[in-house]
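K.L.:
Quick one: the structure is below, and I'll ask about it shortly.
The values are calculated or read from the model by the stated rules, or taken from the named source; none is laboratory data. None of the values given here were measured: they were computed from a predicted structure. For neighbour counting, all protein chains shown are included, and Cβ atoms are generated from backbone atoms with ideal geometry for every residue, glycine included. In case anyone asks, the SASA skips ligands and DNA or RNA and just uses the protein heavy atoms, side chains included. Shrake-Rupley method; radii C 1.70, N 1.55, O 1.52, S 1.80 Å.
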Amino acid sequence: MRASLRVTIVAGLAMLALAPTPAMASLFTAAEAYNAHRYDEALAEFERLASGGDSVAQLYAGLMHDNGLGTARDEARAFYWYMQAAKQAQPRAQFNVADMLYHGSGTRQDRHAAMVWYEKSANNGFAEAQYQWGLELQSGQYVPKDLVSAFMWLTIAANQDVDGAQLAVRARDDLARHLTKAQLEQARHKIRVWMLIHDPNRSSVSL
């Protein structure tokens, strides 16, 4: 289980100090408390905002319950908050929901349902989900096997500037050795189309 993928609450919330809305200011207050290790205070504020429907706060409330910060570790509660955020298209939350469904952490194990959330997170740009979704399409254990689409997702994940991208690079390069020229060209076409739709500001992808 890749628990490390669900651990960090980003310090980048400090940027919310520049935002004018009361909700953003409240998130910044919660982030300040978290970064100062006042976890009880941070969790209370994140959960207050989460209960009001703020998807960012829902994600962070889930992360805190998942890691036992400001409270005893409670995977079921973490899953609840992740799911609320996932329904609002928070990519990391969608990945965490998938990961917990896959392993049966905080909820009953349902690997077919996990596939739905891995795909959603991948389409929303989350690199870890793109890598995992590529592996799932390659294996064909819980979804129909699709080597062309697997290569596509592994390539997109490999081109993200994140920790662990080298895993996607190695998986992509290994898969490429088993594809025909026609399959590789089909995959590259799918990548170009996906990038045009989902990330038009990136001019190229290393294929």
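K.L.:
List the number of the failed condition for Q138; all other conditions in (1) among the polar types (S, T, N, Q); (2) under 20 Å from H189 (Cβ atoms); (3) crowded, with 24+ Cβ neighbours inside 10 Å hold.
P.N.:
Unmet condition: (3).
K.L.:
Mind checking whether some residue in the range 153-167 is without any contact (Cβ under 8 Å) to a residue 24 or more places away in the chain, outside any helix (DSSP H, G or I), out of contact with any strand residue (DSSP E or B) (no Cβ under 7 Å at 6 or more places or on another chain) and closer than 28 Å to L63 by Cβ?
P.N.:
Within the range 153-167, one or more residues are without any contact (Cβ under 8 Å) to a residue 24 or more places away in the chain, outside any helix (DSSP H, G or I), out of contact with any strand residue (DSSP E or B) (no Cβ under 7 Å at 6 or more places or on another chain) and closer than 28 Å to L63 by Cβ.
K.L.:
For Y131, state whether it is within 17 Å of the chain's Cα centre (by Cα), of a type in the set (S, T, Y), under 26 Å from A89 (Cβ atoms) and open to solvent by 40 Å² or more (accessible area, probe 1.4 Å).
P.N.:
yes
K.L.:
With over 25 Å from M64 (Cα atoms), surrounded by 14 or more Cβ atoms within 10 Å (Cβ to Cβ) and of a type in the set (F, W, Y) as the only criterion, which of F95, F126, F151 stands out?
P.N.:
Going through F95, F126, F151 in turn, the sole match is F151.
K.L.:
If only one of A44, A85, A89 is among the small types (G, A, S), under 24 Å from Q160 (Cα atoms) and either open to solvent by less than 40 Å² (accessible area, probe 1.4 Å) or part of a helix (DSSP H, G or I) (or both), which one is it?
P.N.:
Exactly one of A44, A85, A89 is among the small types (G, A, S), under 24 Å from Q160 (Cα atoms) and either open to solvent by less than 40 Å² (accessible area, probe 1.4 Å) or part of a helix (DSSP H, G or I) (or both), namely A85.
K.L.:
Which of the numbered conditions does K190 fail, given that it passes all the others? Conditions: (1) in contact (Cβ under 8 Å) with a residue 40 or more places away in the chain; (2) assigned to a helix (DSSP H, G or I); (3) within 24 Å of W81 (Cβ to Cβ); (4) of a type outside the set (D, E).
P.N.:
Every condition holds for K190 apart from (3).
K.L.:
Filter the range 47-82 down to the residues that are open to solvent by 30 Å² or more (accessible area, probe 1.4 Å), farther than 26 Å from V116 by Cα and among the aliphatic types (A, V, I, L, M) and list them by number.
P.N.:
Selection gives L69, A72.
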